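Reviewing the structure listed below.
Any read-out appearing in this document is the output of simple, stated calculations on the displayed coordinates, not a laboratory observation. Fair warning: this is a prediction, and the values are worked out from it, not measured in the lab. Cβ placement follows ideal geometry from the backbone for every residue including glycine, while neighbour counts extend to all protein chains displayed.
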Amino acid sequence: MSGSARPIDQVLRQQLSNRLPPPLLLRSNELLDTLKAGRTDDNVPPQLQVIFRPSVQPYLISLFRQDPAAAFAKLHMPALIIQGSNDIQVGVDDARLLKAAKPDAELALIDGMNHVMRIVPNDVKRQLASYKDPQLPLAAELGSRILRFIDGLRSS
């Protein structure tokens, strides 16, 4: 499944820019800058605790040092990048950046699939509801694309 091709601090910055009121966005950007610089910050507003609580900050500092596309490019094995067109967390552009980083990887774009691998309209309310609905089936094309990739490995 496609992850971000960009460092996670960039992804968080983008995701939060669309969802926070200006004062909280300013504080979240300050926290991101502090963590990116390798320092913790205990002054986290209650609304941002879920992301930036002090107990998770050392992990975020470590995570922010990673470059996913560069790490992916170093793989010496076949790779399949699966990306849904309706993923509100990791976009198609990230999947394309991963493909550019590792040109021999196979890229499968699944129309209508979201981050939790369900076919859901590109509506935030329905997207978020799908994260908690185990009754929604996985995208049918997901299994067939994985099997096709595995079968291709067997025949080579």
Value at 222 nm in deg cm²/dmol, rounded to 500, when DSSP H runs of n ≥ 4 in the chain each add -39,500 (n - 2.57): -14000 deg cm²/dmol
Proximal charge balance of residue 109 [Cβ under 15 Å; K/R count +1, D/E count -1]: -2
Cα-Cα separations in the chain greater than 26 Å, expressed as whole percent: 39
Proxy reagent accessibility, fewest Cβ within 10 Å first, across 76, 115: 76, 115
Whole-angstrom gap from segment 1-59 to segment 125-145, using each part's C-alpha centre: 27
Net charge, residue 93 excluded, C-beta distance under 12 Å - Lys, Arg +1, Asp, Glu -1: +1
Residue among 56, 11, 92 with the largest mean-square fluctuation in a Gaussian network model of the chain, springs linking Cα atoms under 10 Å: 56
Kyte-Doolittle mean at least 0.0 and Cα axial length at least 15 Å: DSSP H helices in the chain: 140-155
Percentage relative contact order, the chain, counting C-alpha pairs under 8 Å, at least six apart: 21
Net charge contributed by nearby residues that have their C-beta within less than 13 Å of residue 119 (K/R +1, D/E -1): -3
Alpha-carbon radius of gyration plus Dmax, which is the widest Cα pair, for segment 8-64 in Å: 10.2, 27
Order of 146, 88, 81 - criterion: other Cβ atoms within 10 Å of each residue's Cβ, fewest first: 146, 88, 81
